[in-house]
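Trainee: Handing you a structure now.
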Amino acid sequence: MQRSRIKNILSDGNAGQSITVCGWVRTRRESKGIAFIALSDGSTQDTLQLVIPEAAPAFQKLTHCNTGAAVKVTGLLKESPAQGQKFEVEVSEIEIFGDADPAAYPLQKKGHTLEFLREIGHLRPRTNTFGAVFRVRNILAKAVHEFFQSRGFIWVHTPIITASDCEGAGDLFTITSLPLERLPATADGAVDFSQDFFGKQAYLTVSGQLEAEFLAMSLGDVYTFGPTFRAENSNTSRHLSEFWMIEPEMAFADLKDDMQLAEDFFHFLCRRVLEKGDSEIAFLEKFYKNTSVTELRDLSEKPFVHISYTDAIEELEKSKEKFEFPVKWGLDLQSEHERYLTDKVFKGPVIVTDYPKEIKAFYMRLNPDEKTVAAMDLLVPKIGEIIGGSQREERLDVLTERMLHAEIPLENMQWYLDLRRFGSAPHAGFGLGFERLVQYVTGMHNIRDVIPCPRAPQTIKF
RNA sequence: UCCCGGGUAGCUCAGCCGGCAGAGCAGGUGGCUGUUAACCACCCUGUCGGGGGUUCGAAUCCCUCCCCGGGAGCCA
């Protein structure tokens, strides 16, 4: 179907040209002798104003042209004599593909709460809010590839179905083709997964990191960008059961390189959103006031604050703030502690490094003090942890000992230990929760509003 | 999973010390020569989340279940 996109019309159109556009009616306003329609086609934040004079044959069809209707219009592009838009289309013909009964269509020309829109997930992308969010999401996704590709990172596709169950990254979904109504059992009553599809228990991945490591240890610098699954019973505005994660992994790199990469990455992403999503951010800023162009500009330039876990604890201990949870070296930072650091002390993103080994994963490299590991978390205001990374333990003996201590069965992990047996080298990487990034950039409070089909405990639609 | 707060018209909410079910927006009809979530007038709208109980009488009080939101934990 021959049609022009509204985005292109508004940026490159010439007054006087004849155009055809397709889209959905946002609002219709009528006066005596003239009618106006705001049309959206999803290509941009702005709507296209259609003007229908009474004399045009299209005027007679307006009763079926309600909010939500899908239409095709042909007309003349003109400079708009009124304030509010550069161009408008004087419509000569209008074709209605599908109307939308105003009495039944849930999206009318009024404000709706995000909670209500969450209940109509299939229609909410038609709102200007969700249009903005999903376009920003696309800008960010593209920027992720641009950033890594420009630096010579190779995009690797780690498995979604995995046999690794030992990452300590939360509960896993088991996938099986066994008959659920009659599961085969072993002698001791457990499910006999040897009869399952893969001959052993299989899961949906909670992270591509371990696989990314062996790819980094052969291809150099790599990154993953794909879906991740956690079966945790988390009911918060920051957790999803299915989310997208980005995990770069670099060979011949230490924690410093890792932090530099995270910072450059974050800066680049913010810059791209400002360049490509300015009208989306401006809209979200105007309506929700949880994000701002100035803040993003700041984020895209300002160097991150770095603080060690030990110094962070000291900072928290000397604060007069009343915390619900205790602050003590060796205990993990709680949300309230992280928020204090980002919102009150440093007023921006903070990288916390060198956490006690007991509270971090087995694969993180043991520091010379033998008490802490070369880990780093990027904390941002409001959201909290958005990136978690580390230099990986490359020494076979140290890694083996830490795995034994963490009670990780070595027999399934020989492939991982092989990387330390043959041509081991320092390497580092991190994981970035993509939805948290979108959340942070758009200012959406609830993570369920930055993914088209959110999956969470007791929540699955479509 | 735990702690709070909610569920009343299509949407947002008032009514909650028991006594006839309300408002704004949306929608409909009419008016208006250029509107910007237009404006003005009139009209329509109910399983008061489900079930049980107390009472002459329950949206309102009690029990219970379901759902939604906020916070916490876990994490990205």
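Readers should treat all values here as calculations from the given coordinates under stated rules, not as data from a laboratory. These numbers were taken from a predicted model, which means no experiment stands behind them. Every residue, glycine among them, receives a Cβ derived from its backbone with ideal geometry; neighbour counts consider all protein chains shown.
Trainee: So for the pair A:LYS32, A:ASP254, with labels modelled 7 Å out along Cα→Cβ, what separation do we get in nm?
Mentor: For the pair A:LYS32/A:ASP254, the computed spacing is 8.2 nm.
Trainee: Taking N as the number of residues in chain A, what is its alpha-carbon radius of gyration divided by 2.2 N^0.38 Å?
Mentor: Details: Rg = 26.6 Å, N = 462, 2.2 N^0.38 = 22.6 Å.
Ratio of Rg to 2.2 N^0.38 Å for chain A: 1.17.
Trainee: Beyond a 30 Å Cα-Cα separation, which of these cross-linked pairs lie in this structure: A:LYS110/A:LYS142; A:LYS276/A:LYS360; A:LYS86/A:LYS461; A:LYS7/A:LYS302; A:LYS109/A:LYS142; A:LYS78/A:LYS110? Before the final figure, lay out the partial values.
Mentor: Values: A:LYS110/A:LYS142 33 Å; A:LYS276/A:LYS360 37 Å; A:LYS86/A:LYS461 40 Å; A:LYS7/A:LYS302 32 Å; A:LYS109/A:LYS142 32 Å; A:LYS78/A:LYS110 28 Å.
Distance filter (> 30 Å) returns A:LYS110/A:LYS142; A:LYS276/A:LYS360; A:LYS86/A:LYS461; A:LYS7/A:LYS302; A:LYS109/A:LYS142.
Trainee: Can you show me the helix-derived [θ] at 222 nm for chain A, built from DSSP H runs with n ≥ 4 at -39,500 (n - 2.57) apiece and divided by the number of residues, rounded to the nearest 500. Working shown, then result.
Mentor: Numbers: 12 runs with 128 residues, N = 462.
My calculation for chain A gives -8500 deg cm²/dmol from helical runs alone.
Trainee: Can you sort A:SER150, A:SER207, A:SER40 by how many other beta carbons sit within 10 Å, fewest first? Intermediate values should be presented prior to the final figure.
Mentor: Details: A:SER150 9, A:SER207 23, A:SER40 20.
Listing A:SER150, A:SER207, A:SER40 from fewest to most nearby Cβ atoms yields A:SER150, A:SER40, A:SER207.
Trainee: If you don't mind, another one. Under the Karplus relation 6.51 cos²θ - 1.76 cosθ + 1.60, θ = phi - 60°, what is the ordered set of whole-Hz ³J(HN,Hα) values for segment A:298-315, x standing for Gly and Pro?
Mentor: For segment A:298-315, the Karplus-derived couplings read 4, 5, 7, 10, 5, x, 6, 6, 10, 8, 7, 3, 4, 5, 5, 4, 4, 4 Hz, x marking Gly and Pro.
Trainee: Using alpha carbons only, how many degrees (0 to 90, rounded to 10) separate the axis of helix A:209-219 from the longest principal axis of chain A?
Mentor: 90
Trainee: Going from the alpha-carbon gyration tensor of segment A:6-107, what semi-axes, largest first and in whole Å, does one get by taking the root of 5 times each eigenvalue? Spell out each step's value before the answer.
Mentor: Details: eigenvalues 82, 49, 30 Å².
Value: 20, 16, 12 Å, ordered largest first.
Trainee: If you place +1 on the Cβ of every Lys and Arg and -1 on the Cβ of every Asp and Glu, how big does the dipole about the Cα centre of chain A come out, in debye to the nearest 20? Write out the running numbers ahead of the final one.
Mentor: Values: 53 positive and 66 negative charges, 429 e Å.
Once rounded to the nearest 20, the dipole reads 2060 debye.
Trainee: Quick one: order A:THR228, A:THR44 by neighbouring beta-carbon count within 10 Å, fewest to most. Can you show the working numbers first?
Mentor: Values: A:THR228 25, A:THR44 20.
So the ranking, lowest neighbour count to highest, is A:THR44, A:THR228.
Trainee: Then there's this: Using only Cα atoms, what Kirkwood radius does segment A:232-346 have, in angstroms? Before the final figure, lay out the partial values.
Mentor: On the way: mean 1/r = 0.0577 Å⁻¹.
Result for segment A:232-346 stands at 17.3 Å.
Trainee: Would you mind pulling out the separation of the Cα centroids of segment A:115-140 and segment A:409-462, in Å?
Mentor: 23
Trainee: In nm, to one decimal, how far is the modelled label at A:MET1 from the one at A:THR459, with both set 7 Å along Cα→Cβ?
Mentor: Placing both labels 7 Å along Cα→Cβ, they lie 3.3 nm apart.
Trainee: For the pair A:ASN235/A:ASN412, report the inter-label distance in nm, with labels modelled 7 Å from Cα in the Cβ direction.
Mentor: Distance between the two pseudo-spin positions: 3.0 nm.
Trainee: Relative contact order of segment A:6-107, please, whole-number percent, based on alpha carbon pairs below 8 angstrom and at least 6 residues apart. Walk me through the numbers before you get to the answer.
Mentor: Values: 228 pairs, mean separation 30.0, N = 102.
With pairs under 8 Å counted, the relative contact order is 29 percent.
Trainee: Would you mind ranking A:VAL441, A:VAL71 so that the residue whose beta carbon has the fewest other beta carbons within 10 Å leads the list? Don't skip to the end; give the middle numbers.
Mentor: Details: A:VAL441 27, A:VAL71 23.
Ordered from fewest to most neighbouring Cβ atoms within 10 Å, A:VAL441, A:VAL71 come out as A:VAL71, A:VAL441.
Trainee: In degrees between 0 and 90, to the nearest 10, how far off the longest principal axis of chain A does helix A:128-150 point, with axes built from Cα atoms?
Mentor: For A:128-150 against chain A, the angle is about 50 degrees.
Trainee: Using the Karplus equation 6.51 cos²θ - 1.76 cosθ + 1.60 (θ = phi - 60°), what ³J(HN,Hα) coupling, rounded to whole Hz, does each residue of segment A:246-257 give in order, writing x for Gly and Pro?
Mentor: Rounded to whole hertz, the list is 10, 10, x, 9, 10, 7, 6, 9, 10, 4, 4, 4.
Trainee: Can you list residues whose amide H is under 5 Å from A:MET245's amide H, if they're 5+ apart or on another chain and H is modeled 1.01 Å from N?
Mentor: A:GLY226, A:THR228, A:PHE434
Trainee: Here's something else I'd like to know. From the P(r) of segment A:292-350, can you give the percent of Cα pairs sitting at distances over 15 Å? Could the numbers behind the result be given before it?
Mentor: On the way: 869 of 1711 pairs.
Value for segment A:292-350: 51 percent of Cα pairs lie more than 15 Å apart.
Trainee: Using alpha carbon coordinates only, what is the Rg to Rh ratio of segment A:117-253, with Rh defined as the Kirkwood radius?
Mentor: 1.07
Trainee: At 0.36 nm per residue, minus the direct Cα-Cα distance, what do A:GLN60 and A:PHE197 gain on full extension? Give it in nm, one decimal, please.
Mentor: 43.1 nm
Trainee: If Rh is defined by the Kirkwood formula over all Cα pairs and Rg also comes from Cα, what ratio Rg/Rh do you get for segment A:57-191?
Mentor: Values: Rg = 25.8 Å, Rh = 21.6 Å.
Rg/Rh for segment A:57-191 comes to 1.19.
Trainee: Considering Cα pairs under 8 angstrom that are at least six residues apart, work out the relative contact order of chain A and quote it in whole percent. Before the final figure, lay out the partial values.
Mentor: Numbers: 844 pairs, mean separation 60.0, N = 462.
It comes to 13 percent, rounded to a whole number.
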